[in-house]
Amino acid sequence: AMLDPDSGLSLTIARIVQRLKGSSLHSQLERQARVSLHKPEIKLESLKEDIKDFLKTSGWEKKLQNAVYSELNVFPSPCHPAAPPEHMKEPLAYMRKAQGSWEKRILKSLNSMCTELSIPLAQKRPVNEQKELLNKWNEMGTDEPDLSLFRPVYAPKDFLEVLMNLRNPNYENGEQPSFRNHLGLIQVPLKVKEIPELKEDFSELGLNIGQLGIDDSAQVPPEFFENEHVRVGQKVLAEQDSAAAQQYVRQGCPTALRADLWALILNISNQPEDILYYEQLKSNVIQHDLLVDSLIYKDVKLTASNDDYYFVFEDYLYQVLLCFSRDTSVLEHFTYSSATPPKSYIRGKLGMEEYAVFYPPNVNYNSFILSVAPLCFLYHEPSKLYQIFREMYVRFFFRLHSISSHPSGIVSLCLLFETLLQTHLPQLFYHLREIGAQPLRISFKWMVRAFSGYLATDQLLLLWDRILGYNSLEILAVLAAAVFAFRAVNLMEVTSLAAAEAVLADLSTLKVMPLLQIFLFATVT
């Protein structure tokens with residue numbers, strides 16, 4: 001049920017006011033307003049207007065605008081008042097059901113690991129262990145515990161199998177006329193965009209617009225564009241306006257400004273209370289030992305130590321992920337995610353809420369690690385790095401690990417990728433399908449990890465600039481299709497899945513922006 005624009009707007013305003021009321025920004029604004037009462041330019045007869053002017057000139061109004069903008073970006077537009085709360089999580093019942101059974105499967109796997117290894121999901125660390133962990137907090141990577149018995153809870157291909165088996169129960173097989181000719185692995189009828197719509201959405205990536213990440217644009221000499229773009233970027237930062245920053249990064253971020261621009265878009269300012277919050281999470285890690293700690297440890301070892309780019313950040317990765325696994329503020333995002341966080345209790349305290357531990361619902365930490373690692377290039381202060389990652393997770397990355405009908409959700413991305421390929425490279429699509437190399441079997445892991453660990457870091461950051469700029473993950477599916485288009489000639493010659501995988505095994509030399517531009521704007525549609 002759709003709302004008429006006016007009541008939708010008033011619901012949105014009411015919700016944002018409600019959410020900002022408890023925030024530290026609210027108390028800071030109140031404090032500033034009280035302080036301003038002592039200023040000579042504030043007159044009693046025009047009190048309200050004068051205080052408003054003061055908040056404007058002293059930069060507080062901008063902070064409030066950014067907070068509102070951030071809320072609008074993160075939370076979905078309100079449902080109809082009569083709609084049940086689970087509709088806000090996910091409107092389609094069969095998707096909610098599938099997500100529910102996937103979560104049960106993960107939890108079952110966790111619980112059976114606990115039983116097998118006879119260790120609890122959560123327990124208090126003995127005092128000597130707490131001291132030891134505190135002392136080596138900044139060099140956890142030097143430890144070599146034996147983790148051979150711990151196994152990953154699931155691999156991307158297990159998740160893909162689940163998505164391939166999704167069906168809309170309202171349709172009998174082959175009853176969906178428009179969908180009958182979709183020959184990919186994803187068999188649910190969701191609406192995805194065609195190239196003309198994508199061109200419109202991503203218009204700033206057009207061939208005649210300056211881009212960072214394109215070295216030889218015919219229209220604009222790159223160094224001229226770059227100097228001008230840096231100048232504009234500095235101005236955007238000086239203005240401290242999140243919306244302007246989001247528009248700006250659609251053409252890419254200059255390396256020197258990226259960390260500050262991303263923080264501005266995500267509305268992260270690393271206030272004293274944020275640093276304190278991070279320290280509290282850290283002390284929680286030191287006091288309690290969770291089963292996931294060993295899983296995180298194992299995955300970081302496997303991922304970081306096998307990756308030349310990321311192994312230097314090993315210690316940061318432990319810190320961020322261990323704290324993330326304790327962070328209950330992340331639970332807020334479950335009001336608009338199809339996922340529901342599983343709950344466990346510290347050993348011997350079953351049912352006592354103050355001993356409840358929420359398990360991050362995605363225990364495939366391998367993908368988490370790959371979404372933290374690139375951020376380590378930009379942020380070297382642990383509490384800031386942590387906040388940026390958490391915000392990226394609740395805005396974007398959680399959608400890659402839960403089953404939903406959202407346009408940025410992994411199901412829609414898979415369908416968008418397959419549709420683009422089937423429509424624009426039909427010969428290639430049919431060829432790969434015939435030889436048993438369904439393209440999604442190859443591209444799924446790229447999308448689920450937002451290409452981290454596959455592209456060179458500078459290229460990955462240019463791609464993520466656009467995710468932030470468009471507040472959407474759809475560009476991942478477009479890039480995946482563009483990679484297939486780019487390697488199409490070689491792929492037409494392969495005769496097996498293994499050979500197709502070999503052609504696409506190394507993406508580290510790819511240049512993201514030219515691929516996207518050519519695919520979107522130079523493909524004949």
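The values are calculated or read from the model by the stated rules, or taken from the named source; none is laboratory data. No experiment lies behind these values; they were computed from the predicted model shown. All Cβ positions, glycine included, derive from the backbone under ideal geometry; neighbour counts span all protein chains shown. Accessible surface areas use protein heavy atoms only, side chains included; no ligands, DNA or RNA. Shrake-Rupley method; radii C 1.70, N 1.55, O 1.52, S 1.80 Å.
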Normalised contact order of segment 400-522, rounded percent, pairs of Cα under 8 Å and 6 or more residues apart = 30 percent
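For segment 100-163, divide the Cα radius of gyration by the Kirkwood radius and give the resulting Rg/Rh value with two decimals. Don't skip to the end; give the middle numbers.
Numbers: Rg = 15.9 Å, Rh = 14.6 Å.
The Rg/Rh ratio comes out at 1.08.
Can I get the semi-axes of segment 266-313's equivalent ellipsoid? Compute them from the C-alpha gyration tensor as square roots of 5 times the eigenvalues, in angstrom, largest first. Mind showing how you got there, number by number?
On the way: eigenvalues 132, 69, 12 Å².
They are 26, 19, 8 Å, listed largest first.
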Two-site label geometry, Asn170 and Lys136: point separation in nm, points 7 Å out along Cα→Cβ = 5.6 nm
Whole-percent carbon and sulfur share, accessible surface of segment 84-147, 1.4 Å = 55 percent
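Using a 1.4 angstrom probe on heavy atoms only, work out the carbon and sulfur share of the accessible area of segment 400-522 in %. Don't skip to the answer; put the middle values down first.
Values: 1990 of 3570 Å².
Carbon and sulfur together cover 56 percent of it.
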Taking Rh as the Kirkwood radius computed over C-alpha pairs, what is the Stokes-Einstein D of segment 400-522 at 37 °C in a medium of viscosity 0.692 mPa s, expressed in µm² per second?
-> 226 µm²/s
Which value, in Å², gives the accessible area per residue of segment 400-522 when a 1.4 Å probe is used on the protein heavy atoms?
-> 29 Å²
Relative contact order of segment 5-78, defined on C-alpha pairs under 8 angstrom at six or more residues apart (%) = 40 percent
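For the chain, what relative contact order do you get, as a whole percent, if you take Cα pairs closer than 8 Å and at least 6 residues apart? Write out the running numbers ahead of the final one.
On the way: 608 pairs, mean separation 102.6, N = 525.
Reported relative contact order: 20 percent.
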Please give the per residue accessible area of segment 5-78, computed with a probe of 1.4 Å over protein heavy atoms only, in Å².
-> 66 Å²
Would you kindly state how much longer the chain becomes between Glu41 and Glu200 on full extension, computed as 0.36 nm times their sequence separation minus their alpha carbon distance, in nm to one decimal?
-> 52.4 nm
Phi angles of segment 510-519, converted by Karplus (6.51 cos²θ - 1.76 cosθ + 1.60, θ = phi - 60°) into ³J(HN,Hα) in whole Hz with x for Gly and Pro, give 6, 9, 4, 5, x, 4, 5, 4, 4, 5
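At 1.4 Å probe size, with the rest of the protein present, what percent of the exposed accessible area of segment 5-78 is carbon and sulfur atoms? Display every interim value, and only then the final one.
On the way: 2950 of 4910 Å².
Answer for segment 5-78 is 60 percent, counting heavy atoms of protein chains only.
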Taking N as the residue count of segment 5-78, its alpha carbon Rg divided by 2.2 N^0.38 Å gives 1.28
Is there a pair in Lys21/Lys52; Lys131/Lys282; Lys56/Lys235; Lys89/Lys191; Lys97/Lys193 whose C-alpha atoms are over 20 Å apart, and which pairs would that be?
-> Lys97/Lys193
Return, for the Cα atoms of segment 32-157, the radius of gyration and Dmax in Å, separated by a comma.
-> 26.8, 74
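Sorted by average packing, counted as other Cβ atoms within 10 angstrom per residue and highest first, what order do 388-396, 106-114 take? List each step's numbers first, then the result.
Numbers: 388-396: 20.9, 106-114: 15.3.
Order by mean packing, descending: 388-396, 106-114.
Mean projection of the alpha-carbon convex hull of the chain over all orientations, in nm²?
Numbers: hull surface 116.1 nm².
Seen from a random direction, the Cα hull of the chain projects 29.0 nm² on average.
With a 1.4 Å probe and every protein chain left in place, work out the accessible area per residue of segment 189-335 in Å², rounded to a whole number. Numbers along the way, then the final one.
On the way: 6700 Å² over 147 residues.
Accessible surface, normalised per residue, equals 46 Å².
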